[in-house]
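Just so it is clear, none of the values below were taken in a lab; they were calculated from the coordinates. This structure is a prediction, so every number in the text was calculated from the model and none was measured. For neighbour counting, all protein chains shown are included, and Cβ atoms are generated from backbone atoms with ideal geometry for every residue, glycine included.
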Amino acid sequence: MKSKIIVFTNLFPYPWEPQRATFNRQQIEHLSNGYDLQALVPISWLDWLKVSLKKTSIKKPVTGIKVTYFRYFYIPKMLRWSYGLTLLISTLRVLPKLIRKQRPTVIYSPWAYPDGFVAVILGKLLHIPVVIKVLGTDINVLPLIFGVKCQIAWTLKHAAGVVAVSQDLANKVISLGSLPENTHVIYDGVNHDRFKPINQQYCRDQCGLKQNLRIILYVGNLLNTKGCLDLVESFSLVKQQIPDVILLYIGKGDDCAKNISKLATQRGINEAVHILGTKTHDEIAIWMNASNIVVLPSYNEGVPNVLLEAMACGVPVVATNVGGIPEVVPDYAGVLIKPGDQPLLADTLITALSKSWDTNHISDYMLKFSWEKNISELKSILNTRSLS
């Protein structure tokens with residue numbers, strides 16, 4: 001009989017948002033092949049209310065994984081230091097039913113706060129080891145919020161193991177209190193059956209794009225902290241030098257999308273800036289292969305999967321030298337710059353668009369980033385921490 005594991009995380013698709021947190025879903029799906037896995041996914045009571053009013057099914061499955069969704073109560077945008085307590089109370093309403101039939105041997109919680117914090121408390125109450133995964137914002141940004149840093153530090157200190165997606169994050173969690181011997185770096189994987197070099201002409205035909213265009217693509221949540229507005233400003237300078245270039249955004253974020261459109265109109269480049277909304281992973285692979293450059297001018301990151309996936313397609317990247325990005329982007333696969341420098345971003349994009357890149361060299365390099373390798377390393381940690 002397979003060992004039972006509970007994955008406790010908010011980073012998982014919702015029935016009404018199947019493209020949410022696809023990077024985390026991929027790992028959990030692969031992990032489920034070796035365990036009797038149950039995902040426990042908190043949903044904001046506000047999102048739950050909005051969906052309920054629209055009469056959308058909340059219980060409809062989005063993957064083959066066993067999932068329990070439950071409402072998570074908190075005060076929006078206030079008292080963020082209390083989110084751990086309110087999530088704990090919300091979780092105690094549903095957890096006993098999950099462990100009644102079979103006690104899990106380990107709890108795995110991707111995201112340090114409040115998910116990981118609550119998971120470690122539950123682990124102590126139930127005498128079940130907990131392994132935390134840190135991804136970026138949960139360590140780079142959340143500790144700056146009043147009252148949250150001490151909770152994250154306590155979580156890292158008392159977890160049975162901490163998995164970081166980059167060496168940069170590993171160093172940061174150790175400085176916050178994670179024991180070095182309990183801290184492990186495991187880079188996320190890439191689905192190479194999906195993200196691989198595909199003929200650019202074919203992909204452009206599939207996307208309805210002209211063959212003579214030069215294309216810059218951004219993929220991710222549309223946020224100011226991701227450099228989305230910096231990118232528009234920089235693109236206006238690129239457009240002056242390269243008239244046949246266009247900028248595409250794939251992702252969601254209504255407020256930022258409006259600001260992108262407004263700024264593009266002000267700069268007179270609105271016809272060359274296109275916001276495409278969310279796309280499936282299969283579609284994103286096609287759009288990446290249709291592009292000349294994938295760009296991510298973010299202010300803080302762990303190791304963004306979008307860069308790994310772009311390089312797996314053989315597409316060069318332009319990104320910022322923050323977090324774990326310098327660990328995974330070699331010179332022959334892209335260019336890294338400091339965040340927030342719009343003229344430098346523009347110059348870098350112009351140079352990158354004019355350069356001849358070796359697609360095969362880039363994609364071959366990425367073969368070492370696989371979900372098979374990722375899961376093998378993660379299982380080793382989970383199994384050594386599990387209850388016997």
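Couple of notes before you dig in:
- When each of TYR72, TYR108 is scored by the number of other beta-carbon atoms lying within 10 Å, the sequence from fewest to most is TYR72, TYR108.
- Placing one equal scatterer on every Cα of region 88-133 and applying the Debye formula, the log10 ratio I(q)/I(0) at q = 0.24, 0.30 Å⁻¹ is -0.87, -1.23.
- Whether the chain is rounded, prolate or oblate, judged on the alpha carbon gyration tensor where a/c under 1.5 counts as rounded: prolate
- What the Cα atoms of region 200-368 give is an Rg and a Dmax of 14.5, 44 Å.
- Anchor LYS2: lysines whose Cα lies under 17 Å away (excluding residues fewer than 8 positions away in-chain): LYS66, LYS101, LYS379
- Radius, Kirkwood style, for region 1-151 when every pair of distinct Cα atoms is counted (Å): 15.9
- Long-range HN-HN contacts of ARG214 with modeled amide H, under 5 Å: VAL245, ILE246
- Ordered by the count of other Cβ atoms within 10 Å of each Cβ, fewest first, VAL273, VAL120 give VAL273, VAL120.
- For THR320, the residues whose amide H sits under 5 Å from its own are LEU296, SER298, ILE337, ignoring neighbours fewer than 5 places away on the same chain, with H placed 1.01 Å from N.
- Shape of region 311-369, Cα gyration tensor, a/c cut at 1.5: oblate
- LYS66 long-range amide H proximity, modeled H, under 5 Å: ALA39
- The chain - mean residue ellipticity at 222 nm from DSSP helices (-39,500 (n - 2.57) per run, n ≥ 4, rounded to 500): -12000 deg cm²/dmol
- For the residue pairs LYS50/LYS124; LYS172/LYS355; LYS77/LYS279, alpha carbon separations beyond 31 Å are given by LYS50/LYS124; LYS172/LYS355.
- Since only PRO326, VAL232, VAL162 are under comparison, the one whose Cα sits farthest along the positive direction of the charge dipole of the chain, derived from C-beta charges on Lys, Arg, Asp and Glu, is VAL162.
- Look at MET366, MET288, MET1 and count the other Cβ atoms within 10 Å of each Cβ; fewest to most, that gives MET1, MET366, MET288.
- If you take the Cα centroid of region 100-164 and the Cα centroid of region 230-250, the two points sit 41 Å apart.
- Here region 200-368 is treated with +1 on each Lys and Arg Cβ and -1 on each Asp and Glu Cβ, and its dipole about the Cα centre works out to around 340 debye.
- In order through region 300-308: 3J(HN,Hα) via Karplus (6.51 cos²θ - 1.76 cosθ + 1.60), integer Hz, x for Gly, Pro: 7, 8, x, 10, x, 4, 4, 6, 4
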